[in-house]
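Read through the structure below, which is laid out as C-alpha cells, and then see the notes.
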Amino acid sequence: MKIGILATGHAPDSLKTDLGDYPAMFTTLLDGHGFTFETWDIENQQFPQSVSQADGWLITGSRHGVYENHPWIKPLETFVRQAYETHIPMVGVCFGHQIIAQALGGTVTKFSGGWNIGHTDYTFEGAPLALNAWHQDQVTQIPADARVIGQNNFCENAFLLYGNRAFTLQAHPEFEAEFIEGLARTRAPGVVPTDLIEAAYEALDNPIQNQVIAKRIADFFKLKRP
C-alpha cells in the first residue's frame with residue numbers, strides 16, 4: 001500500500017541532519033506495517049497530480065496556521081475534499097488534523113488557553129495515552145462528519161474520526177524526546193512561555209506510546225473500503 005506524505009512544513013535546519021525531516025519521521029514511525037511512501041513538498045507548492053496517486057494520504061505538521069494566507073492552503077483544502085469524496089483515506093497530524101477539519105467545515109483558531117508542548121496525557125478511545133505535542137492552534141468546532149475519539153482538558157477535540165475516510169490527531173506521534181528537546185532549544189524561546197519550556201525539558205524522559213498510534217494509523221489505512 002502506497003502512502004503519500006503531504007509535507008506542509010519542515011523541521012528546523014539545525015535538527016534535520018541528526019534527527020531527520022518530518023516525512024522521514026513518519027516513515028520511521030510506520031516502519032514494519034507494509035507501506036511504501038512518496039513525499040510531496042506542499043509548503044513549496046509541489047502537489048500530486050491526482051488524489052489517486054497514492055492509496056492513502058498523510059498530512060504532516062507545520063509551523064504555519066491553517067487560517068494563514070499562504071498560496072498552497074486553498075489548493076490543499078481542495079485536495080482534502082477531493083480525497084474525502086473519493087474515499088481515499090487520510091491521516092492528519094497537528095496541522096494536518098487542523099487542515100482536514102477546516103476543509104470539511106470545521107473551525108480552527110489560535111487557542112486562547114495558550115501552548116501545549118512536550119509530553120501530554122490524553123484519553124484515547126477510552127484508554128490513557130501519552131504522546132508528545134507541540135501546538136497553540138486547535139480545532140474548536142468539528143465538522144459535521146467528525147466524531148471525537150480522544151481528548152484531554154486542554155484540547156477537547158484532540159483526536160477525530162470521520163468514518164473510514166479520515167483519522168486525525170493534534171499530537172505528534174512522530175516526535176521523540178530528542179526532537180522535542182531540539183524544538184525547545186530552537187523554536188520555543190521567545191514564543192512559548194518559559195515555564196512551559198521548562199516543564200517540557202523536565203518531562204523528556206517520561207514514556208510515550210507512539211507505537212500505539214502507529215498501529216492505529218496503519219490499521220486505519222488498511223481498512224477494507226468500498
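Read the figures in this text as sums done on the coordinates, not as results from a lab. Computed from a predicted model, the values in this text were never measured in an experiment. Here the Cβ positions follow ideal geometry from the backbone for every residue, glycine too, while neighbour counts run over all protein chains shown.
A single entry from 162, 122, 201 fulfils the requirement of being in contact with a helix residue (DSSP H, G or I) (Cβ under 7 Å, 6 or more places away or on another chain) and either under 24 Å from residue 58 (Cβ atoms) or of a type outside the set (A, V, I, L, M) (or both): 201.
In region 1-46, of all residues being among the small types (Gly, Ala, Ser) and loosely packed, with under 14 Cβ neighbours inside 10 Å, the one that is farthest from residue 183 (Cα to Cα) corresponds to 34.
Residues in region 160-195 that are of a type in the set (Val, Ile, Thr) and in a loop (DSSP other than H, G, I, E, B) were compared, and the one that is surrounded by the fewest Cβ atoms within 10 Å (Cβ to Cβ) is 191.
In the set 52, 62, only one residue is touching a Ser or Thr at 6+ places or on another chain (Cβ under 8 Å), small (Gly, Ala, Ser), on the phi < 0 side of the Ramachandran plot and touching a residue at least 40 places away in the same chain (Cβ under 8 Å); that residue is 62. Give me a count of the residues in region 101-136 that are not acidic (Asp, Glu) and not in a strand (DSSP E or B). Residues in region 101-136 being not acidic (Asp, Glu) and not in a strand (DSSP E or B): 13 in total. Filtering region 196-226 to residues that are farther than 28 Å from residue 55 by Cβ and part of a helix (DSSP H, G or I) leaves 196, 197, 198, 199, 200, 201, 202.
Taking region 2-34 as the search range and keeping residues that are in contact with a Ser or Thr (Cβ under 8 Å, 6 or more places away or on another chain) and of a type in the set (A, V, I, L, M, F, W, C), which one is farthest from residue 63 (Cα to Cα)?
The residue in question is 3.
Among the residues of region 96-125, the one identified as surrounded by fewer than 19 Cβ atoms within 10 Å (Cβ to Cβ) and in contact with a Pro (Cβ under 6 Å, 6 or more places away or on another chain) is 105.
Checked against the criterion of being under 28 Å from residue 46 (Cα atoms), small (Gly, Ala, Ser) and out of contact with any strand residue (DSSP E or B) (no Cβ under 7 Å at 6 or more places or on another chain), the candidates 113, 105, 96 yield just one match: 105.
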